[in-house]
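Peer 1: Below is one structure. I have some questions about it.
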Amino acid sequence: MAKLNVTVPAVDVEVNGVKYRKVDRDAQVGDIIRYDEDRDYVTKGAFYAVTRIDGAGDPHISDDDGDDHDLCGEDFEVYAKVSEASVAYNEVKRWAEPGEHIRIVRKDSDEERYENGAEFVVDSADGDGDVRVTAKSGYSVLVLLSEYVVLEPATAEKSTPKRLTVGDYAKVIANSMIHNYTIGSFVKIVRDDEDHQPYRAEKADGTEGTFLAEKDVEPATEAEFLAQKRLKVGEFAKVVAKTWTTTSGYVSVGDVVKITKDDASSRPFRADTVGGMRAGWFTESELVRATDEEVAEAKRKLAAETNTTDPRSQFAKGEKVRLISGGYAWPLFGFTNGKEYVVVDPMQSSHGNECIQISRVSGHGAGYAKPEQLAKLTIEVGSTVRLTIKDGESPYYGWGEVSNGDIGTVRSLRDERAYVDFPQQDDWTALLTELTLVTDREKTQLQLEPVRFKVGEYARTLVAKSDIPMGSIVKITRDDEDSQPFRSELIDGSAYHYYTQDELERIDAETAKWATIGREVNEFKDGDVVQVVDDSRLRVDGAIKNGDIVTLQDVGGDLFRLQKAGVDVGNIASPRRFKLVTPVEQRFDRTELEATKAAA
């Protein structure tokens, strides 16, 4: 049973010696609720612990049968621990961190989703001091730095401010040791000597000033630094305020726009949305220069919104995918079904066909696939995964013995949960949303020290050198154990160079063998001569058996047609059922035939 046994005085209840008090606010994890409806599996008047808050802001409990129960739209009272319900707070004007409480004190004039005095718990924070919270509607809402104060418990010690260092932005507030910066200006720290006057900084005009003492500056944002430079036509800006005189309903505070005109008036900037819609006219104070990350995110969102009907929109540049069909054939020559590749351009066109451009994980080669020929890498039993939890948050089932970023192997899957074996703890439970798939390429990079190459091994070059392009297959012929120890030569012996360990990627002998004829492993062509190694499901009245030499025809899909002694025996087979004997390019009979045709 999930009901709680409680002692009930007036507005207080007691659970296992812990006192709770009735509060007038939304339920949070750690609270308990008194249920006030007649329902199956939940008892009217009984108390239950809040187990989680879902994406819509609704609390969940465990019902009388131990099942998850959503309280959306149902009647209940909220009780918080007395120590939490009666805590006093101080209002502090600073940047908020995820998990902290804030209070709205200067609501933006256009904001209608909350009022002054509203309090929230911060879900996430960006680099400008703006935060996102969950409103009563259940939607994520942006709250500007200018609108809120942080609520610090009155008993909490005053936090020590973060020390500025290289890459941080600062506001110049004093001139204690003689510098040449304007007080009130914003700068970017470019040098930190960690002494009595440690900082040198970049000014708004791009020049560097003299040294600053720590007490001469305070933290600022990149947006404040960029805002000192007047916007120009063609640049992108972020809307930080919006008044009734702004003529467009297409933008809100926080949106990115592009400057299209500057008439030097009191409201000089005309702007369009990233999608090209008219955004209206803005004053200088209503816009700040947008960062590269903000512009990229705005364009990404636009692309996702405008391409929802295009199946290619589900793929992103740089994403790892698996080729499931179409390998070995145009326009995927050299690409193997079942292998991992990288999306280069998800919205590509090739010979009039809409497709997705992919390349090998090493970046070598290009192919063009249809959306249905690719599969996103998904988490399966046996997958290698990384625990990925947002800053300030915790796993749904707790940390246990593991830490954020730990890598383990999926033991089993059930609904939205995965059971993972980590080095620190076996059979650890996680939500699938808390795990990130580790690709084959990343697995090889997990080794702290790469295994040193040995003479006789094969490798793919990761840099270009004279007569040996990047991506070439070479054989290690010598190790001088110096700064560039590995003498490596092309398979045909036509050129060699010396390489470091980081300039080479190890490959197996099978890959090298196929590379000598310019192909990927198991890349077959019409006319190749092969030997049958697995005759299961191949026999037609015993026409083909293990050890037989046959010729391939109609190569282009996952199954090839076979000829024996020049006769089509009605068999088809997949590449795994035979091995290459002679590639078509090296067949003497074909060479003589082509020569005869040329002479004729």
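Peer 1: Within segment 89-145, which residues are of a type in the set (Gly, Ala, Ser), in a strand (DSSP E or B) and either open to solvent by less than 50 Å² (accessible area, probe 1.4 Å) or in contact (Cβ under 8 Å) with a residue 60 or more places away in the chain (or both)?
Peer 2: Listed by number, the residues that qualify are 124, 125.
Peer 1: Quick one: how many residues across segment 327-372 are among the hydroxyl-bearing types (Ser, Thr, Tyr), part of a loop (DSSP other than H, G, I, E, B) and either modelled with pLDDT of 80 or more or surrounded by 17 or more Cβ atoms within 10 Å (Cβ to Cβ) (or both)?
Peer 2: Adding up the residues that qualify gives 2.
Peer 1: Continuing with this model, one more query. Can you list the strands (runs of 3 or more DSSP E) found entirely within segment 453-536 that contain at least 2 residues being at negative phi and aromatic (Phe, Trp, Tyr)?
Peer 2: Once the strands (runs of 3 or more DSSP E) in segment 453-536 are filtered for at least 2 residues that are at negative phi and aromatic (Phe, Trp, Tyr), what remains is 496-499.
Peer 1: Among the residues of segment 6-39, what is the count of those that are more than 11 Å from residue 80 (Cβ to Cβ), modelled with pLDDT under 80 and exposed (fewer than 11 other Cβ atoms within 10 Å of the Cβ)?
Peer 2: Result for segment 6-39: 5.
Peer 1: Report every pair of residues separated by at least 6 positions or lying on different chains whose Cβ atoms are under 6 Å apart, first residue within segment 205-228 and surrounded by fewer than 18 Cβ atoms within 10 Å (Cβ to Cβ), second among the small types (Gly, Ala, Ser).
Peer 2: So the pair list comes out as 213/176; 215/176; 228/204.
Peer 1: Residue 429 passes all but one of (1) assigned to a loop (DSSP other than H, G, I, E, B); (2) surrounded by 13 or more Cβ atoms within 10 Å (Cβ to Cβ); which number fails?
Peer 2: It is condition (1) that residue 429 fails.
Peer 1: For the subset of segment 44-55 comprising residues that are in a loop (DSSP other than H, G, I, E, B) and open to solvent by 50 Å² or more (accessible area, probe 1.4 Å), which member is farthest from residue 433 (Cα to Cα)?
Peer 2: 44
Peer 1: Counting just the residues of segment 146-165 that are modelled with pLDDT of 70 or more and surrounded by fewer than 16 Cβ atoms within 10 Å (Cβ to Cβ), which one comes out farthest from residue 93 (Cα to Cα)?
Peer 2: Going through the qualifying residues, I end up with 165.
Peer 1: If you don't mind, there's one more thing I want to ask. Have a look at 238, 261, 232 and point out the one that is modelled with pLDDT of 85 or more, in contact with a strand residue (DSSP E or B) (Cβ under 8 Å, 6 or more places away or on another chain) and surrounded by 18 or more Cβ atoms within 10 Å (Cβ to Cβ).
Peer 2: 238
Peer 1: Going by the structure shown, is residue 489 open to solvent by less than 40 Å² (accessible area, probe 1.4 Å), modelled with pLDDT of 75 or more and acidic (Asp, Glu)?
Peer 2: When the stated conditions are applied, residue 489 does not pass them.
Peer 1: For segment 381-402, name all the residues that are charged (D, E, K, R), surrounded by 13 or more Cβ atoms within 10 Å (Cβ to Cβ) and under 18 Å from residue 55 (Cα atoms).
Peer 2: Selection gives 393 alone.
Peer 1: Hey, could you check segment 312-326 for residues that are hydrophobic (A, V, I, L, M, F, W, C) and within 25 Å of residue 517 (Cα to Cα) and say which is surrounded by the fewest Cβ atoms within 10 Å (Cβ to Cβ)?
Peer 2: 324
Peer 1: Being open to solvent by 40 Å² or more (accessible area, probe 1.4 Å), in contact with a strand residue (DSSP E or B) (Cβ under 9 Å, 6 or more places away or on another chain) and more than 14 Å from residue 383 (Cα to Cα) is the filter here; which residues of segment 403-416 pass it?
Peer 2: Once the filter is applied, which keeps residues that are open to solvent by 40 Å² or more (accessible area, probe 1.4 Å), in contact with a strand residue (DSSP E or B) (Cβ under 9 Å, 6 or more places away or on another chain) and more than 14 Å from residue 383 (Cα to Cα), segment 403-416 yields 403, 404, 416.
Peer 1: In addition: Given the condition modelled with pLDDT under 80 and surrounded by fewer than 16 Cβ atoms within 10 Å (Cβ to Cβ), answer yes or no: does some residue in segment 492-508 qualify?
Peer 2: For segment 492-508, residues modelled with pLDDT under 80 and surrounded by fewer than 16 Cβ atoms within 10 Å (Cβ to Cβ): present.
Peer 1: Give me the pairs: first residue in segment 485-508 and closer than 13 Å to residue 452 by Cβ and in contact (Cβ under 8 Å) with a residue 24 or more places away in the chain, second residue surrounded by 15 or more Cβ atoms within 10 Å (Cβ to Cβ) and of a type in the set (D, E, K, R), beta-carbon distance under 9 Å, and six or more apart or on different chains, which are they?
Peer 2: 486/503; 499/465; 499/487; 504/460; 506/457; 506/460
Peer 1: Follow-up question, since we're still on this one. Look at segment 373-403 and say how many of its residues are among the acidic types (Asp, Glu) and at pLDDT 85 or above.
Peer 2: The qualifying residues number 0.
Peer 1: Right, something else. Please tell me if residue 192 is charged (D, E, K, R), modelled with pLDDT under 85 and more than 22 Å from residue 92 (Cβ to Cβ).
Peer 2: Criteria not met by residue 192.
Peer 1: Related question: Take residue 511 and tell me if it is under 23 Å from residue 577 (Cα atoms) and either exposed (fewer than 14 other Cβ atoms within 10 Å of the Cβ) or β-branched (Val, Ile, Thr) (or both).
Peer 2: Taking the combined requirement at face value, the residue satisfies it.
The values are calculated or read from the model by the stated rules, or taken from the named source; none is laboratory data. Bear in mind the structure is a predicted one, so any value in this text is a computation, not a measurement. We place every Cβ from the backbone using ideal geometry, glycine too, and count neighbours over all the protein chains shown. These area figures cover heavy atoms from the full protein model, side chains too; ligands, DNA and RNA do not enter into them. Shrake-Rupley method; radii C 1.70, N 1.55, O 1.52, S 1.80 Å.
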